[in-house]
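Enquirer: Before anything else, here's the structure in question.
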């Protein structure tokens with residue numbers, strides 16, 4: 001990058017309806033600086049701070065990202081630095097009055113001509129990997145599951161070349177919870193839907209204790225699409241089962257159950273699928289396949 005480009009005054013405007021922008025130049029820009037679109041600063045604006053793109057009257061909305069981020073406490077002239085003292089935040093509305101979505105984007109044109117090699121599932125979803133998923137009905141068994149995952153990777157998966165790996169779906173729920181409370185459906189549904197990840201192909205093993213409020217059957221039957229998960233007598237291991245004698249007995253039982261799922265997963269094969277069927281999870285603002 002040349003010095004002339006570095007010295008060029010620049011700002012970032014995120015949305016077409018924004019009436020503020022962010023100055024990006026090192027050390028900010030001094031009063032009198034003129035941008036290519038004709039905007040002229042009437043005072044120094046530090047780097048990373050907002051500049052008014054138009055005159056903003058008292059109590060008028062200050063808009064960034066296409067959303068109202070506050071209201072002007074006094075008139076703000078075009079080209080001014082908008083610091084925190086000039087912005088009054090609106091009162092937060094009651095949580096129960098907030099709609100699930102305030103703006104519904106227009107449908108995008110179909111993505112055509114792009115494909116990937118994926119695993120198609122009976123429910124119509126497509127995975128990018130072929131993974132064995134082991135979920136837990138209570139956080140107390142997470143340590144055992146993590147230990148068994150290492151054994152599965154070392155001893156079982158080498159026998160199944162089409163299986164890409166094993167993932168433990170641990171969480172901090174399930175023990176002394178108010179399982180019948182109205183809001184309990186939220187964590188149950190969340191854990192259930194993690195088990196429905198297309199990369200698992202419906203082959204999910206559940207490990208529980210037996211005394212937890214969130215019983216494995218309820219975990220898997222938490223949403224109407226339970227048919228997408230292979231729920232049978234090979235899907236659930238309870239570590240408090242009376243036939244277990246010691247830690248090794250529990251481990252052996254999980255390994256025995258787990259071995260049946262890769263046998264079915266190993267029969268899956270990649271096929272060419274349209275890119276429109278690829279689902280990408282979002283975490284902390286970064287796109288990433290889930291789980292990875």
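The values are calculated or read from the model by the stated rules, or taken from the named source; none is laboratory data. Computed from a predicted structure; not experimentally measured. Cβ placement follows ideal geometry from the backbone for every residue including glycine, while neighbour counts extend to all protein chains displayed.
Enquirer: Restricting the stretch 240-292 to residues that are assigned to a helix (DSSP H, G or I) and closer than 13 Å to residue 128 by Cα, which is modelled with the lowest pLDDT? Working first, answer last.
Expert: To start, the set of residues in the stretch 240-292 that are assigned to a helix (DSSP H, G or I) comprises 247-265, 275-277.
Right, trim to closer than 13 Å to residue 128 by Cα and you get 275-277.
On the way: 275: 89, 276: 85, 277: 88.
The extreme case among them is 276.
Enquirer: Filter the stretch 36-60 down to residues that are surrounded by 14 or more Cβ atoms within 10 Å (Cβ to Cβ) and part of a strand (DSSP E or B), then give me how many there are.
Expert: Final tally of qualifying residues: 5.
Enquirer: Turning to a different aspect of this structure: If you go through the stretch 144-185, how many residues are within 16 Å of residue 253 (Cβ to Cβ) and without any contact (Cβ under 8 Å) to a residue 24 or more places away in the chain?
Expert: 1
Enquirer: Condition test on residue 207, is it at pLDDT 90 or above, more than 23 Å from residue 119 (Cα to Cα), surrounded by 20 or more Cβ atoms within 10 Å (Cβ to Cβ) and touching a helix residue (DSSP H, G or I) at 6+ places or on another chain (Cβ under 7 Å)? Steps first, please.
Expert: Values: at pLDDT 90 or above: yes; more than 23 Å from residue 119 (Cα to Cα): yes; surrounded by 20 or more Cβ atoms within 10 Å (Cβ to Cβ): yes; touching a helix residue (DSSP H, G or I) at 6+ places or on another chain (Cβ under 7 Å): yes.
So residue 207 passes the test.
Enquirer: Taking the stretch 99-123 only, how many residues are surrounded by fewer than 10 Cβ atoms within 10 Å (Cβ to Cβ) and either closer than 26 Å to residue 19 by Cα or modelled with pLDDT under 90 (or both)?
Expert: Going through the stretch 99-123, the residues surrounded by fewer than 10 Cβ atoms within 10 Å (Cβ to Cβ) turn out to be 99-110, 112-114.
So of that shortlist, the ones also either closer than 26 Å to residue 19 by Cα or modelled with pLDDT under 90 (or both) come out as 99-110, 112-113.
Residues flagged as surrounded by fewer than 10 Cβ atoms within 10 Å (Cβ to Cβ) and either closer than 26 Å to residue 19 by Cα or modelled with pLDDT under 90 (or both) within the stretch 99-123 amount to 14.
For every residue, the table says whether it meets (1) more than 25 Å from residue 90 (Cβ to Cβ); (2) at pLDDT 95 or above.
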residue	(1), (2)
4	yes, no
18	no, yes
31	yes, yes
43	yes, yes
50	no, yes
63	no, yes
69	no, no
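Enquirer: Say we look at the stretch 146-190 and pick out the residues that are farther than 21 Å from residue 261 by Cβ and touching a helix residue (DSSP H, G or I) at 6+ places or on another chain (Cβ under 9 Å); which of these is surrounded by the most Cβ atoms within 10 Å (Cβ to Cβ)? Step through it out loud before you land on a result.
Expert: Our first condition is that a residue be farther than 21 Å from residue 261 by Cβ; within the stretch 146-190, this holds for 172-190.
With touching a helix residue (DSSP H, G or I) at 6+ places or on another chain (Cβ under 9 Å) added as a condition, the list becomes 172-175, 177-179, 188.
Numbers: 172: 10, 173: 19, 174: 25, 175: 15, 177: 15, 178: 9, 179: 16, 188: 22.
Within the stretch 146-190, the match that is surrounded by the most Cβ atoms within 10 Å (Cβ to Cβ) is 174.
Enquirer: In the set 69, 134, which member is farther than 30 Å from residue 209 by Cβ, within 29 Å of the chain's Cα centre (by Cα) and not in a loop (DSSP other than H, G, I, E, B)? Steps first, please.
Expert: Working: 134 fails: farther than 30 Å from residue 209 by Cβ.
Residue meeting the stated conditions: 69.
Enquirer: Do we find a residue being within 17 Å of residue 259 (Cα to Cα) and in contact (Cβ under 8 Å) with a residue 24 or more places away in the chain anywhere in the stretch 116-129?
Expert: No.
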